[in-house]
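For reference, the structure is listed below as structure tokens.
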Amino acid sequence: MSSAGVAIPNDLRRPVVGPTTYVVPALPGVEDVRLRGSFQACAKITRERARNFYHGLRLTPEPRRGAIYSIYTWMRAADDLADEPRPLAERRANLAAFRAITERCLAGEAPDEREGAEAWWPAFAATCASYPIDPVIFAEMLEGLEGDLEAKGYADDGALSLYCYRVAGTAGLACLWIWGLREDADPAAARELALRRGQAFQRTNILRDFAQDFDETPSRVYIPADALVRHGVTGADVREWRGDARCTALVREQAAIARGHYDASTTLESMIDPACAPTLWAMTRIYAGLLTLIEQEPSRIAGERRIRLAGAKKASIALGAALWAKVGRW
């Protein structure tokens, strides 16, 4: 257990490294033209699906940008398999098949499209072969998705923290291994802060998506059960916003936990390779902005319209990060 209260597996031992500027993703046995096409497929998926993340991710310099896109694409595909409207047994089988292909990629293989594999897999395999990413994180994320299939919810904040680590903290760690750290950065401290930032992002997601998750079949409520009991409300009460004061207190409590993770990880950007720090800064400003909207008006999580920052606002954040990078702020 980390000092942030986030469970970390004992076998997650591979250290976060220093600069990764000159790493170029490659995979033995895969022709350059096929690999370029695979990375292009990842870029297309990220551009179409990443929404809030894309404004920051595209600030990462190549070839690390392509590597980050490939990790996002893998995580997006896994999440889609878990969420698709299919019988539980079929979703489990699909995730098991996805795990098997992932293990082949981590062993240095690139599944062929003739086997039914999508075009983006070679890029993912090349990224994992070229950067010092601990393969354990991919198993951890799949365990988080598999554990969430039955939508049983989370008893307390400790259980929710483990889920957030598995589906978001793992992503933060993968990014660190690709972005790289400044030479004077403490790898252990950077890993800790990356986990805190992952908690912040996922807890923001949970509040933002409350109505959509509740309306799914099966219905999902990620706010811990003991917090609902403590405030005297049910998930249905929050969805219908019955008992304004109690619902408001609950949401503000959960938002305060997320905000605490943002505040605790404010020095993370100063540890990352300066060329990549603008990426994380922009993504964080966007997600922290979503949390601000919730803090200002807690009842928005029960609204029919998804909580979003205006496109112009997101673009201005990304532009600001790019300009500050150009003048050497980072």
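Report, in whole Å, the centroid distance computed from the Cα atoms of the range 58-114 and the range 192-263. Their Cα centres are 27 Å away from one another. Ligands, DNA and RNA aside, Trp241 has an accessible area near 50 Å² when probed at 1.4 Å.
Please give the length that would be gained between Leu323 and Arg49 if that part of the chain were fully extended, namely 0.36 nm times their separation in residues minus their C-alpha to C-alpha distance (nm, one decimal).
96.1 nm
Here Leu88 and Ala236 are evaluated by their C-beta separation; at R0 = 35 Å the FRET efficiency comes out at 0.95. Which entries of Lys152/Lys313; Lys152/Lys314; Lys44/Lys313 show an alpha-carbon separation above 31 angstrom in the structure shown? From Lys152/Lys313; Lys152/Lys314; Lys44/Lys313, over 31 Å: Lys152/Lys313; Lys152/Lys314. Estimated from helices alone, the mean residue ellipticity of the chain at 222 nm is -19000 deg cm²/dmol (sum of -39500 (n - 2.57) over DSSP H runs with n ≥ 4, per residue).
Report note on the peptides 81-93, 205-217: ranked by the mean count of other C-beta atoms within 10 Å, highest first, their order is 205-217, 81-93.
Based on the Stokes-Einstein relation at 25 °C and a viscosity of 0.890 mPa s, and on the Kirkwood radius from alpha carbon pairs, the range 94-146 is assigned a translational diffusion coefficient of 215 µm²/s. Full extension of the segment from Glu183 to Val33, taken as 0.36 nm per residue of separation minus the current Cα-Cα distance, would add 50.6 nm. If only the Cβ of Lys and Arg carry +1 and only the Cβ of Asp and Glu carry -1, the dipole of the chain around its Cα centre is close to 1060 debye.
Taking all protein chains together and rolling a 1.4 Å probe, Lys313 ends up with roughly 110 Å² accessible.
The values are calculated or read from the model by the stated rules, or taken from the named source; none is laboratory data. Computed from a predicted model, the values in this text were never measured in an experiment. Reconstructed Cβ throughout: ideal geometry from the backbone, glycine too, with neighbour counts over all protein chains shown. The protein model used for the area step is the full one, side chains on, heavy atoms only, and it has no ligands, DNA or RNA in it. Shrake-Rupley method; radii C 1.70, N 1.55, O 1.52, S 1.80 Å.
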